[in-house]
Structures are given as structure tokens and as C-alpha cells.
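The structure appears below as C-alpha cells.
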Amino acid sequence: MPHIAIVTDTDSSLPLALTRPLNIMQVPIVVNFDGESYAAVDEIDDAEVFARIDRSGKLPTTSAPSPGKFAEAFAQAFQDGAESVLCFCVSSEVSATYGAAMTARELTPHLDITVIDTRSLSMAFGFMVLEAAEAINAGSTKEEAIARAMAVGDHTHLYAALSTLKYLAMSGRVSQVAAGFASVLSVKPILTIRNGKLELLERVRTQSKAYERVIDLAAKAALGKGIQRLCILHVNALESARAFETRLRQSLAYPPDVLFVELTPGLSIHSGAGLVGVCFVTGD
């Protein structure tokens, strides 16, 4: 393990195929179904979550990892030979995860642990984590790795389209009546990250127009800057995500290797199945 260990949480949406080679440790968000709790990613994925939701007609709740879970991750990192730990957490605007990690750090004030509130979510902060891990593996100091990660955060964009308001209606975020009207009118909300939250940017008619609008927003954000990293996000919608990526490539130049990334249950139950979007890092 590098002398600086990287810890994060599963709201980063980082696939294990990326975290394992870089020795990134992920502490799972907790998904709660009728008194039963599951560790996101480790014990339950988006497909299993929505299969249960559709059977029961109820949404689960989510909760931040306990301080003890972060303390375990920190302790494991030091046992494995790390001299310090750098922990990136999902935005404190949407989760108590950052607070839990800070509490865990305070339990061991003699150890070198830095906890960062990314003020972001999903791969918009997953790319920050990757940048820090790659910097450390290349020999950067902790301060240099943090600076590189924060710079990536400043140049990261996320746009996504919901396919249905059904799950937001179940959560109470929109009324059943409003969701019904939206369904009849085929209204598709466009989401982005603002002030540390996934928020509604605008509404468009039809799924096809929603994809067109997401592509237009991405193209404008990347205009004249180039794209360094990019992934396609989805919730239980891989086929739709692949079709979206085909359209995206016609309007945007980006690296040939594309990641298709599940949002993961800590976030997906709040957006609902069918979400498709893009997250990318631009140059300066």
C-alpha cells in the first residue's frame, strides 16, 4: 500500500475495477429495508434495490456509515502500512457521511488523517478520488494530491435525465398528482449538481429530447476545453446508457474508453430507476 492511503464512501459510484488497482478503500452507505440493513455495493446493488422496491411499492431509506465503520477503515489502512490517510466524502449537503468520518478521525487524534467534504456526489467526486490516488501512486505528497483532486472537482460537470417521476413521488419529493401529470405529458427532469446537491435544472418533453438536452449542456460545458475523463452514469438502465453514449459521441470528442457506471444504491433510490447521464472532467 502507498504511504498515503485513500478512503472514500460508496456514494462516489466508483466501480471496484477502478478502486482495487489503486488500493482505494470504500466505506459503504447503508440501505434500510423494513428493519433489514445492507451495505451498498458490497451487499446490494441498484438492480436488487429496484427489484425490491417494485415488489413492495416502498422505498428504502439510506443512512451514513457509522463512525465505527470509518474508524475500522482508517485502522486497516495503518495496519497495512500507511503513514497517513486521506478520506474523501460525499457532500455534507446530502449525507451525514462527512460528519461520521470526522468523528472517527477525532477518536484517534494522534494519527495523520485528513477528511475532505467534496461538496459533490457520484462520479463528480469519484473522479476527484481517482486523481488523488493516481497522484499518490506517482509519488505526490498529500498536499499535492489534495490540490490535484480539488482542481478536478472544479472542472467536473454532471448532467442527467430522469426517465420517470414515479420514485420521486414514492419518496414524497413530488406529489402523486404531479407525477401523474408529468407521466401523461412525458416530462423528463434534467438534473445537475448545484451547491453540493443533485438538483433539478430544467424539464423537457420526451426521453429523446431529454437526451438531446443533456448532450447540449455537456457540449457547452466542454466547449474549447477538451475532456480528460468521462463516464456514463445510469440506474438500472445499461441499454439506454449505451444508446445515449452513441448519440453523445456524435456531438462531443472524448477519450475512446468509456466507463458505464451505476449510480449505486446510496444515491439511486433518490433518483429512481432509468436515470441516464454523463459526468466528465474538462481541461483548464
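The values are calculated or read from the model by the stated rules, or taken from the named source; none is laboratory data. Quick caveat, the model's predicted, so the values are computed rather than measured. Every residue, glycine among them, receives a Cβ derived from its backbone with ideal geometry; neighbour counts consider all protein chains shown. Each accessible area value is taken on the protein alone, full model and side chains, heavy atoms only, with ligands, DNA and RNA left out. Shrake-Rupley method; radii C 1.70, N 1.55, O 1.52, S 1.80 Å.
Numbers for the structure displayed
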item: The lone exception for G153 - which of (1) of a type in the set (G, A, S); (2) touching a strand residue (DSSP E or B) at 6+ places or on another chain (Cβ under 8 Å); (3) within 21 Å of E199 (Cβ to Cβ) it fails; result: (2)
item: Enumeration of residues in region 235-254 that are part of a loop (DSSP other than H, G, I, E, B), in contact with a helix residue (DSSP H, G or I) (Cβ under 6 Å, 6 or more places away or on another chain) and open to solvent by 60 Å² or more (accessible area, probe 1.4 Å); result: N236
item: Those residues of region 111-136 which are in a loop (DSSP other than H, G, I, E, B) and small (G, A, S), in sequence order; result: S120, S122
item: Residue under evaluation I269, criteria (1) within 30 Å of F33 (Cβ to Cβ); (2) among the aliphatic types (A, V, I, L, M); (3) over 14 Å from the mean Cα position of the chain (by Cα); (4) part of a helix (DSSP H, G or I), criterion not met; result: (3)
item: Qualifying position, being at pLDDT 95 or above, hydrophobic (A, V, I, L, M, F, W, C), surrounded by 15 or more Cβ atoms within 10 Å (Cβ to Cβ) and under 24 Å from G274 (Cα atoms), among A77, A40, A5, A73; result: A40
item: Test: L162 is buried (at least 23 other Cβ atoms within 10 Å of the Cβ), modelled with pLDDT under 95 and hydrophobic (A, V, I, L, M, F, W, C); result: yes
item: Number of the condition not met by D45 [criteria: (1) within 17 Å of P265 (Cβ to Cβ); (2) touching a Ser or Thr at 6+ places or on another chain (Cβ under 7 Å); (3) surrounded by fewer than 24 Cβ atoms within 10 Å (Cβ to Cβ)]; result: (2)
item: Lone qualifier among I190, I232, I215 - being outside any strand (DSSP E or B), surrounded by 13 or more Cβ atoms within 10 Å (Cβ to Cβ) and modelled with pLDDT of 80 or more; result: I215
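One line per residue, one yes/no per condition, for (1) in a helix (DSSP H, G or I); (2) open to solvent by less than 40 Å² (accessible area, probe 1.4 Å); (3) at pLDDT 95 or above; (4) under 19 Å from V7 (Cα atoms):
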position	(1), (2), (3), (4)
V31	no, yes, yes, no
F50	yes, yes, no, no
G68	yes, yes, yes, yes
F88	no, yes, yes, yes
E93	no, no, no, no
T103	yes, no, yes, yes
P109	no, no, no, yes
